[in-house]
Amino acid sequence: MSISTITKSKNPNSIKALALDLDGTTLAPGGLLSERSIRTIDKCMQRGLKVIIATGRAPQAAEKYRTALGVEGPMIYLNGALVVDKPGSRTLFSTLLDIKAMEFCVDLSRELGIYYQVFFPGDGDDSQVKIMTERDRPEREMYHSKTGMSIKIADLKEVFYKSDVKGCLKSMFIGEPERLVMLRRRLEEHFSGSVNIVQSMDNFLEIMNSRASKGQALCFVMELLSLKNEEVIAFGDEENDLPMFAVAGFSVAPSSAKDTVKAKADFVTGSNAEDGVAAFLEEFFIL
């Protein structure tokens, strides 16, 4: 299917917002944001389109991209567990995973020797997320290198029972894909659908509150901005983007996305290495 075929049934002028995943979708390999993408998204905003970042990253780890794109307003972070009004740091929406669920994950991490880290909310309305883990392992340094975020080492169970800890925004196992497949089975057997388990990258397995997803967060933002489903295009490449695809009126995946994601997308554009998102926007909106 070509973009010209899409425009015959979907009027570009009816679109009012874009929901953009970052890693693997808008960003090129290595977490790079190309000049073409910056230029193209700026042209979209000049047309009056609202641009909503929808990422698994914490606000701090996505801020350099948000600043480079010049986008403002409600942004979706941590796979939908957090919505923050930018360029400030006012939290508009958050959903916490309870302590009991985190305890089980800590026990499993200790039993299997799989790296596990927890994302705690900031104080009050402060959206500056804090990350903690129990061991200084290569996965900790890898995540720091990827995101720029510091990860504090502490006994997580001791942290959980401090009086001011109500829960976490999300938690994450990092490991080899084969081990995460086995781990996911254990988690699904234990939780039986009471939490949201998603794979955001091949070696990232995330656990969140069952009500936390990019789809739920996008619904919240759409209501806030008085947007209808058919007025939004969502872009994503991983399992965690599928709830957003189900909410938006139209969905686009890069050719580098997982096959299961491409199968659910309304359109498959070029890979993230080829600036596929920018290429789609240029042709669809005739920029």
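The values are calculated or read from the model by the stated rules, or taken from the named source; none is laboratory data. Quick caveat: nothing in here was measured; it's all calculated off a predicted structure. Note: ideal-geometry Cβ built from the backbone for every residue, glycine included; neighbour counts use all protein chains shown.
General observations
- Residue among Gly270, Gly193, Gly215 that is at pLDDT below 95 and more than 26 Å from Glu139 (Cβ to Cβ): Gly193
- Residue tally, condition in a loop (DSSP other than H, G, I, E, B), farther than 26 Å from Gln199 by Cβ and hydrophobic (A, V, I, L, M, F, W, C), over segment 48-73: 2
- Checking Phe235, Phe220 one by one, the residue that is surrounded by fewer than 23 Cβ atoms within 10 Å (Cβ to Cβ), in contact with a Leu (Cβ under 8 Å, 6 or more places away or on another chain), closer than 21 Å to Leu82 by Cβ and hydrophobic (A, V, I, L, M, F, W, C) is Phe220 and no other.
- Restricting attention to segment 272-287, the residues that are over 14 Å from Arg36 (Cα atoms) and touching a strand residue (DSSP E or B) at 6+ places or on another chain (Cβ under 9 Å) total 1.
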